[in-house]
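Notes for the one structure printed next.
The values are calculated or read from the model by the stated rules, or taken from the named source; none is laboratory data. For clarity, every value in this text was computed on a predicted model and none was experimentally measured. As a convention, Cβ positions derive from the backbone with ideal geometry for all residues, glycine included, and neighbour counts pool all protein chains shown. Keep in mind that these areas ignore ligands, DNA and RNA; they rest on the heavy atoms of the full protein, side chains included. Shrake-Rupley method; radii C 1.70, N 1.55, O 1.52, S 1.80 Å.
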Amino acid sequence: MPVNVIIHVSLIFFVVYLLVSSTSNAEGFEIESQDVRRSEFPDNFLFGTAVSSYQVEGGYLEDGKGLSNWDVFTHIPGNIKNNENGDDADDDYHLFLVDAEIAQSLGVNAYRFSISWARILPRGRFGEVNPGGIKFYNKIIDNLLLRGIEPFLTIHHFDLPQELEDRYGAWLSPLMQDDFLLLAETCFKSFGDRVKYWTTINEPNMFAEMSYVRGLYPPAHCSPPFGNCSVGNADIEPLIVVHNMLLAHGKAVKLYRERFQSKQGGSIGLVVHLHMYEPLRDVESDRQAVNRALAFTGGWVLDPLVFGDYPPEMRQYHRSELPRFSSEETEYMRGSIDFIGLNHYSTLYAKDCIHSPCVLGGDHFIRGFTFTTGERDGILIGEPTGVERFYVVPRGMEKIVDHVSKRYNNMPIYVTENGYCPPLTEAAPNLLHDVNRINFYNGYLAALSRAIRKGADVRGYFAWSLMDNFEWAGGYSSTFGLYYVDRLTMNRTPKLSAKWFQHFLANRSSARFNRQRFVNRTPKSGRVRKSKYIVIATTNANARDV
């Protein structure tokens, strides 16, 4: 359906939706009486949007780029919803100037993006650096800085050269540590004079979960009861993969601190994915299950980088498969982050599986002997979204930031991802009039503000995502963007949430946000409207006409 028709029809349904919507069987958004302002955050706070290379770039094999693991995986029928792929994605490879304009029009002062490993080093250390890839990212960085936007660069976000998978199994092999070190060194040399915020690896724990436990991401390894892949061991391989990723991170940080940091003046960290957890039952065993769930997810990644070893909660139930760090490795791993990158979306209940029976793998070490769920006594923990196990629970943001802050000695935190995807069955009115996304951001930012007031050293927040993009196994059906992207024309159209975010960053109260007025308003920046790829959502209808 053409975007202008969607907009015209959506306003009608939007008004109807507000009149007839009823309360769902969930605990709700928890934000009705809340209001949040930009002024509640520190003056030097980074506010930005986030994207990743494979999800937005496209430019499949252009200008010397090699095949990535996702290029190969998405071309196998049945791996991705609707058999979609990222060959074109959002065509950011050709439209990155447009996307920089969009980011600037929102009023952000930071932009998180990632490097395509196969675009920089198409064959890893078995080939040469691709000058076309270096040129592309230099253009992005320089353009962002010209607009007063800080580049917040992630070196590795899930995609890697397929050749490394074919040669030695990628992250299952310690050889991958040296390949990553080469990639990191190339990035430091090429971009470090301008990039002041680095994260080495995005979500090692989520990567291990999706690629080696559930088998939904390449290389699609899994085993029962988590999945029925042709190869894999879900109890062992994730531990090996994360161990190699952490050691690769440690080596890259050691290199950065010894050769680049003093001259370039940047800081470096790593991004972890973390749900918050609450006890399913009011019993001590479930409260301990919450502790284990947090340790076996976030602690699994962060404890070695702060304290030099895996969490004691993991060592307590140690099996021989859980790797150990040598004394030399412990030395360079301990304290190997300047800040913590935190991706947080949702909260779940946790139930103990040591003293009571569990299903769906909760009785396995890799799950911390914990069963997690979003439902208790038939009631959901929060509003459901378009992603499995992602519920809208704003209080979880305050709780998870408080937990991370206390466990890791109030280390600086950047919330590197937080966002909302509507239920996939949601009707057309909410495509652009995405009130629920506005409610989500308002509630989670208010919770983050409370955590900061309680003393957490949070220094930035990145909304996921700038625009609808390729959401991995979900293809293009999951829509997290502030901007809608037409898959045929690649036009970017601002959703109501983009207007809200712009309004928020201008420090105007969200309580005074007039939805109808902002539907009919264009951004102040004249530059944005000049691009044929940016469509301003307008309509001649008004509430009285409807």
Quiz item: Amide H to amide H, which residues 5 or more places from VAL458 or on other chains are under 5 Å from it, using H placed in the peptide plane?
Solution: ILE413
Exercise. In debye, nearest 20, what is the charge dipole magnitude of the stretch 91-159 about its Cα centre with +1 on Lys and Arg Cβ and -1 on Asp and Glu Cβ, if you could check?
Key: 260 debye
Self-check item: Cα centre as origin, Lys/Arg/Asp/Glu Cβ charges: the chain dipole, Debye
Solution: 1900 debye
Quiz item: When averaged across all projection directions, what area in nm² does the alpha-carbon convex hull of the stretch 310-424 cover?
Solution: 9.5 nm²
Exercise. Just tell me which lysines come within less than 20 Å, Cα to Cα, of LYS189; anything on the same chain fewer than 8 places away is out.
Key: LYS65, LYS135, LYS139, LYS251, LYS254, LYS263
Practice problem: Give, in whole angstrom and from largest to smallest, the semi-axes √(5λ) of the equivalent ellipsoid of the stretch 364-505, with λ running over the eigenvalues of the Cα gyration tensor. | Solution: 27, 21, 15
Self-check item: q = 0.13 Å⁻¹: log10 I(q)/I(0) that the Debye formula gives for the stretch 273-338, counting C-alpha atoms only
Solution: -0.42
Quiz prompt | Computed lengthening from ASP43 to THR373, 0.36 nm per intervening residue step minus Cα-Cα distance | solution = 115.0 nm
Quiz item: Between SER285 and GLU258, what is the label-to-label distance in nm when each label sits 7 Å out along the Cα-to-Cβ direction?
Solution: 5.0 nm
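For the ranges 470-481, 139-150, what's the packing order if you count other beta-carbon atoms within 10 Å of each residue, average per peptide, and put the highest first? Numbers along the way, then the final one.
Details: 470-481: 20.9, 139-150: 16.4.
Peptide ranking by packing, descending: 470-481, 139-150.
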Quiz item: Got the relative contact order for the stretch 92-167 handy, in percent, Cα pairs under 8 Å and 6 or more residues apart?
Solution: 41 percent
Quiz item: Taking the Cα centre of the stretch 239-332 as the origin and placing charges on Cβ (Lys, Arg +1; Asp, Glu -1), which of GLN264, PRO323, MET276 is farthest toward the positive end of the dipole?
Solution: GLN264
Quiz item: Once the Cβ-Cβ distance between LEU145 and ALA506 is put in as r, and R0 is 25 Å, what FRET efficiency do you end up with, to the nearest 0.05?
Solution: 0.70
Quiz item: How much space per residue, in cubic angstrom, does the convex hull of the C-alpha atoms of the stretch 370-422 take up?
Solution: 109 Å³
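Which whole-number percentage describes the relative contact order of the chain, with Cα contacts under 8 Å and a sequence gap of 6 or more?
Working: 1122 pairs, mean separation 102.9, N = 546.
Taking the mean separation of contacting Cα pairs over the length of the chain, I get 19 percent.
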Quiz item: At a Förster radius of 22 Å, what calculated FRET efficiency corresponds to the Cβ-Cβ distance of LYS532 and LYS135, to the nearest 0.05?
Solution: 0.35
Exercise. For ASN410 and ARG194, calculate 0.36 nm times their separation in residues minus their Cα-Cα distance, and state this gained length in nm to one decimal.
Key: 75.0 nm
Exercise. May I ask you to order 60-71, 288-299 by the average number of other C-beta atoms within 10 Å around their residues, highest value first?
Key: 288-299, 60-71
Quiz item: With every protein chain left in place, what is the accessible area per residue of the chain in square angstrom, probe 1.4 Å?
Solution: 37 Å²
Quiz item: In the stretch 377-417, which chymotrypsin sites (Phe, Trp or Tyr not before Pro) fall in coil by DSSP and have 12 or fewer other Cβ atoms within 10 Å?
Solution: none
Quiz prompt | Of every Cα-Cα pair in the chain, the percent that sits beyond 44 Å | solution = 12 percent
Quiz prompt | Residue-span extension gain [HIS75 to LEU61] - 0.36 nm each, minus C-alpha spacing | solution = 3.7 nm
